[in-house]
Ligand code: FPP
């Protein structure tokens, strides 16, 4: 595993080149702008360059690398619409850097920002992230408290920016188990961003696939008891509708960071035909470039959904 700690400059990745440049100059940095691709920009792409790499090159100066905004390619039609990420490795990242676990989680929150921003350009319409599992309640109280504080801080700090980017926020999981402060901030954030359509950011909080199924079964059972539903009328569509993810497409691609290859109670019903990708990188070091690679890998896979190869 390689990679340094999160740098505030990384927050600017994915922005329009001019926006990133202005932000860097506002930080008091001299900016040298370079192009990633030597080919001349297409005339129709004027003003569509975005920041793909920013690095400090000396005291008070930095290099801003820009590239043409990704254009829908012929393979984009085969790109994942719903990507779900198991943000694993915060603790190991912290240990690697000699830091307490809570700072690993803080670095994890930072890593989320540029990844969210990169989604629309990659054709992703829904991003689900595993923020806190039903099993995570068994962690030491101090770590649970730190994670809940981070969630509240994240919501307070990021909601306006998410709204500006056209992101709709939603959650899956047992929200009633979260502390009141987190529930209130979530309620506000969800209401504030409800009309946005560019990307849905779905936070899995106090979420477990089995717990979600149990709650869905209870919902269906209550409808049967109320005489609204015949048991024989329960099919896959009814179950899908009773889950927290009702209304969302199934995930096409599940990414688990840190090289582990487990599903860990994540989207158990919904992952039936999801592709899986497990990069060997701790979540705080995961960047939009990893996401782009994941999407590229996905586009090369052949999904048969239980059928036969299309070439026979
Ligand atoms: C797994 O790392 C990560 C988690 C249990 C929590 C993920 C949470 C965040 C990225 C921050 C909070 C999220 C939001 C949405 C505000 P781990 O602690 O299991 O790492 P390890 O396996 O290396 O110990």
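Read-outs: derived from the displayed coordinates by stated rules, not from any lab. Nothing here was measured: the structure is a model prediction, and the numbers come from that model. Using ideal geometry, Cβ is built from the backbone for each residue, glycine included, and neighbour counts are taken over all protein chains shown.
Using only C-alpha positions, report the orientation-averaged shadow area of the convex hull of segment 150-209, nm², one decimal.
Working: hull surface 15.7 nm².
Result: a mean projected hull area of 3.9 nm².
Quick one: among 270, 96, 68, which has the greatest mean-square fluctuation in a GNM of the chain with alpha-carbon springs under 10 angstrom? Greatest mean-square fluctuation among the candidates belongs to 96.
The ellipsoid that matches the Cα gyration tensor of the chain has semi-axes, each √(5λ) in whole angstrom, of 35, 25, 19, with the longest given first.
Using only the alpha-carbon atoms, how far is helix 17-26 inclined from the longest principal axis of the chain? Give it as 0 to 90 degrees, nearest 10. It works out to around 70 degrees. The alpha-carbon atoms of segment 220-312, seen along their principal axes, cover 51, 41, 20 angstrom, with the largest extent given first.
Highest first, please rank the peptides 292-302, 223-233 by the mean number of other Cβ atoms sitting within 10 Å of their residues.
Values: 292-302: 15.4, 223-233: 10.4.
The densest-packed peptide leads the list: 292-302, 223-233.
For segment 128-184, the percent of C-alpha pairs falling in each 5 Å distance bin, counted from 0 to the bin holding the largest distance, reads 4, 16, 26, 29, 15, 7, 3, 0. Between 0 and 90 degrees, the angle of helix 209-225 with respect to the longest Cα principal axis of the chain falls at about 40 degrees. Compared with the direct C-alpha span, the chain from residue 217 to residue 302 gains 27.3 nm at full extension, assuming 0.36 nm per residue. Computed over segment 74-194, the range of Cα coordinates on each principal axis works out to 47, 34, 24 Å, biggest value leading. Across every pair of non-identical alpha carbons in segment 139-279, the mean reciprocal distance, once inverted, gives a Kirkwood radius of 17.0 Å. So what's the angle, to the nearest 10 degrees on a 0 to 90 scale, between helix 141-164 and the longest Cα principal axis of the chain? Orientation of helix 141-164: about 70 degrees from the principal axis. Cβ-Cβ distance of residue 149 and residue 59, R₀ of 41 Å, FRET efficiency by 1/(1 + (r/R0)^6): the value works out to about 0.75. Percent of C-alpha pairs per 5 Å bin in segment 183-239, short distances first: 4, 14, 17, 14, 14, 18, 14, 5, 0.
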